[in-house]
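For reference, the structure is listed below as structure tokens.
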Amino acid sequence: MTKILITGANGQLGRSIQKLAPQYPSFDLVFTDVDELNITDYDQLEMAFNRYNPDGIINCAAYTDVDKAQEDQFNAEMLNTTAVRYISEYAHRFNTWLVHISSDYVFDGQGFRPYVETDPTKPFSFYGKTKLEGEYEMRENAEDGFIIRTSWLYSEFGHNFVKTMLKLGRSKEELHVVFDQVGTPTYATDLARAILDMLSKRLPSGHQTYHFSNEGVTSWYDFALEIMELAGISIPIKPIESKDYPFPTPRPHYSVLNKAKIKRDYNITIPHWKASLRECLKELSDLKGDG
Ligand SMILES: NC(=O)c1ccc[n+]([C@@H]2O[C@H](COP(=O)([O-])OP(=O)(O)OC[C@H]3O[C@@H](n4cnc5c(N)ncnc54)[C@H](OP(=O)(O)O)[C@@H]3O)[C@@H](O)[C@H]2O)c1
């Protein structure tokens, strides 16, 4: 049985892996979050490697608040960069592979066609910089592993755009949502399934970087419209430009990821974002006419 240590297991991706765990009985999954395993603590990591002696790690822990990261730079860097070095060093020492999650924010967001894994990186936010440097640490220090870059992650767990829109849709008279930021939502359950399917087919050997999101392309405005439509919430939504919305940190105009490599190497089928959104709303019991 393959033993896998999961860090940050109470976040969106971690909880999605927990949800799917019964479908993967050949994996012995050990779930930890900051209370039990703080990945910024070098000694705690050593104790966890000694205690669990895992074959592999899936690092779901991260500092994910883009705006807070711009201010709270020490902690963002500690979690997204330094801790990735720590985990990678232990992975190397204990002969363990590592799956690490990165972000579309490593790119400059000025693209005009889906980003491939080899496109030049140029983060425009501190969060993006810490995620890119985390990638460097992983490649430099871990022997075997995947870096999986994803975008616009949402789920039935934690805080995300879908849950915010459902709440606002039921409490406001009108919403304003930006239409000039284009990307692809990723349902965390689909990302979790992709990771577990990949590991079921072939364990990492050497380094590979992959892009993963759902299929299709949309804007935040169209995403919001679809959420309201599927949830049966009737509210006027006005499309606005990014310049008219006070984001504390600039957002990418374009963050579509090209997924040809992961589909080719692992023969995985990726659902369209609209189908996955419907699944998530069903899980949240927010799908119109469901039950
Ligand atoms: N969310 C997105 O839109 C998005 C987009 C692109 C890429 N990603 C990447 O996808 C990955 C998963 O994101 P997510 O949305 O699932 O993240 P998340 O929901 O924010 O979960 C992160 C988890 O890590 C935990 N954590 C915080 N500090 C820790 C520490 N020192 N040691 C161990 N655990 C710690 C958090 O606990 P607390 O909640 O108690 O702090 C939380 O349970 C991340 O690498 C992220 O950068 C996310």
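The values are calculated or read from the model by the stated rules, or taken from the named source; none is laboratory data. What you see is a predicted model, and the numbers here were worked out from it, not measured in a lab. Cβ sites come from the backbone with ideal geometry, for glycine too, and all protein chains shown count toward neighbours. Ligands, DNA and RNA are stripped out before the accessible areas are found, and what is left, the full protein with its side chains, is counted by its heavy atoms. Shrake-Rupley method; radii C 1.70, N 1.55, O 1.52, S 1.80 Å.
Before we move on, is Glu140 among the acidic types (Asp, Glu), over 30 Å from Ala231 (Cβ atoms), open to solvent by 60 Å² or more (accessible area, probe 1.4 Å) and at pLDDT 95 or above? Yes; evaluated as a whole, the condition is true for this residue.
Within region 11-39, the set of residues being closer than 24 Å to Thr81 by Cβ and surrounded by fewer than 17 Cβ atoms within 10 Å (Cβ to Cβ) comprises Asp35, Glu36.
Counting only strands (runs of 3 or more DSSP E) that sit completely within region 91-200, those holding 3 or more residues that are under 25 Å from Phe74 (Cα atoms) correspond to 97-103, 145-150.
For (1) open to solvent by less than 20 Å² (accessible area, probe 1.4 Å); (2) in a helix (DSSP H, G or I); (3) in contact with a Gly (Cβ under 8 Å, 6 or more places away or on another chain), each residue gets a yes or a no:
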site	(1), (2), (3)
Ser234	no, no, no
Pro239	no, no, no
Phe247	no, no, no
Pro252	yes, no, yes
Ile262	yes, yes, no
Asp265	no, yes, no
Glu279	no, yes, no
Lys282	no, yes, no
Ser285	no, no, yes
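For the residues Lys274, Lys261, the requirement of being modelled with pLDDT of 95 or more, more than 16 Å from the ligand (Cβ to nearest atom), under 25 Å from Trp97 (Cα atoms) and not hydroxyl-bearing (Ser, Thr, Tyr) singles out Lys261. In summary, Leu20 fulfils each of the numbered conditions (1) of a type outside the set (S, T, N, Q); (2) touching a residue at least 12 places away in the same chain (Cβ under 8 Å); (3) under 27 Å from Ser125 (Cβ atoms) with the single exception of condition (3). Exactly one residue among Leu153, Leu132 is open to solvent by 10 Å² or more (accessible area, probe 1.4 Å), out of contact with any Asp or Glu (no Cβ under 7 Å at 6 or more places or on another chain) and more than 8 Å from the ligand (Cβ to nearest atom), and that residue is Leu132.
Scanning region 7-33 for residues that are away from the ligand (no atom under 13 Å from the Cβ) and assigned to a strand (DSSP E or B) yields Phe27, Asp28, Leu29, Val30. If we scan region 211-220, do we find a residue that is at positive phi, open to solvent by less than 60 Å² (accessible area, probe 1.4 Å) and either modelled with pLDDT of 95 or more or in contact with a Leu (Cβ under 6 Å, 6 or more places away or on another chain) (or both)? The answer is yes; a qualifying residue exists.
Under 21 Å from Val217 (Cβ atoms) and more than 12 Å from the ligand (Cβ to nearest atom), is that true of Tyr115? Considered against the rule, which asks whether it is under 21 Å from Val217 (Cβ atoms) and more than 12 Å from the ligand (Cβ to nearest atom), Tyr115 comes out as yes.
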